[in-house]
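The structure appears below as structure tokens.
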Amino acid sequence: MDWAYQSSFSIEGGNFENAGKASIEIKKILKNLKISDEILRRTAIVVYESELNIISYADQGVINLSVTGDKILISVDDVGPGIEDIELAMQEGYSTATDRIREMGFGAGMGLLNIKNCSDELQIFSEVNKGTHLSIIINRMERES
Amino acid sequence: MNLAFLVDKLELRTACCENRLAREVQGGYVGDLLSDVIANSKQGDVWITRQSHQNIVAVAALREHAGIILALGAEPGADTLNKADREGIPVFTTGLSSFAVAGMIYSLMNTQ
């Protein structure tokens, strides 16, 4: 397959000092690839929430970004506690965040939902005490609405 | 309406990026939950918040906000200002509440 772009970004769990760094870098790359504003917006939200999930909950993780002619593929793999009940984690307002995380305005229980709302396809696999994998597709052709 | 106009009318203190006050303000958003702000704010918004830690800069940079107004006397730390400077995001402080700041900006926008 012809990749327009492909890269990986390592994220360190617990490192709030660098939170958003990978997302900003990815957004700059996509802007240079002339991705449209709306697709850029959705991708930025997906990547930011994924990055913050790794930082907030996991030990470490990787965000893989691939851009093809018609799709943006984002896969996220982390080593960490995993998600016990994915259905519950998808519910708005549900969060296992610590007070420290909440004080910064994270952990509002909106992250996975934001990812879902901005994705055309989302798959989540998780194993408790091992880690979580997200597979996200955003179509570059803008959707209706 | 640009940032310089808001600084003047609301008597804001500019904490970062004084050279970028010509930026146009398209609208505003009030929020302290970062997931809410990143999902629901718009490009060109001025973001009004009580959060003053360094992570607000990435949110404003990703959504391309015109600037951030820290309400109710919240003061940004050096790490926040360093990041804001690097990303070119103007940061302002005020003793006014988020409600008052939003109300004033809203009424300025609608009388322009």
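Among the residues making up the stretch B:13-47, those that are open to solvent by 20 Å² or more (accessible area, probe 1.4 Å) and in a loop (DSSP other than H, G, I, E, B) are B:LEU21, B:ALA22, B:ARG23, B:GLN26, B:ASP32, B:LEU33, B:LYS42, B:GLN43. If you go through the stretch A:123-139 and pick out every residue that is among the aliphatic types (A, V, I, L, M), open to solvent by 20 Å² or more (accessible area, probe 1.4 Å) and part of a strand (DSSP E or B), you end up with 2. Of the residues B:LEU10, B:LEU72, the single one that is in contact with a Ser or Thr (Cβ under 7 Å, 6 or more places away or on another chain), away from chain A (no Cβ under 14 Å) and open to solvent by less than 60 Å² (accessible area, probe 1.4 Å) is B:LEU10. Residues in the stretch A:13-26 that are within 14 Å of chain B (Cβ to nearest Cβ) and either crowded, with 23+ Cβ neighbours inside 10 Å or touching a residue at least 60 places away in the same chain (Cβ under 8 Å) (or both): A:PHE16, A:ALA19, A:GLY20, A:ALA22, A:SER23, A:ILE26. Taking the criterion of being free of Cβ contacts under 8 Å to residues at least 60 places away in the same chain and either within 8 Å of chain B (Cβ to nearest Cβ) or closer than 16 Å to A:ILE74 by Cβ (or both), the residues of the stretch A:118-131 that qualify are A:ASP120, A:GLU121, A:LEU122, A:GLN123, A:ILE124, A:PHE125.
When B:ALA58 is tested against (1) part of a helix (DSSP H, G or I); (2) surrounded by fewer than 23 Cβ atoms within 10 Å (Cβ to Cβ), only condition (2) is not met.
The values are calculated or read from the model by the stated rules, or taken from the named source; none is laboratory data. Note that the structure is predicted; figures quoted are calculated from it, not measured. Cβ coordinates were reconstructed from backbone atoms using ideal geometry, including for glycine residues, and neighbour counts include every protein chain displayed. These accessible areas exclude ligands, DNA and RNA; they are computed on the full protein's heavy atoms, side chains included. Shrake-Rupley method; radii C 1.70, N 1.55, O 1.52, S 1.80 Å.
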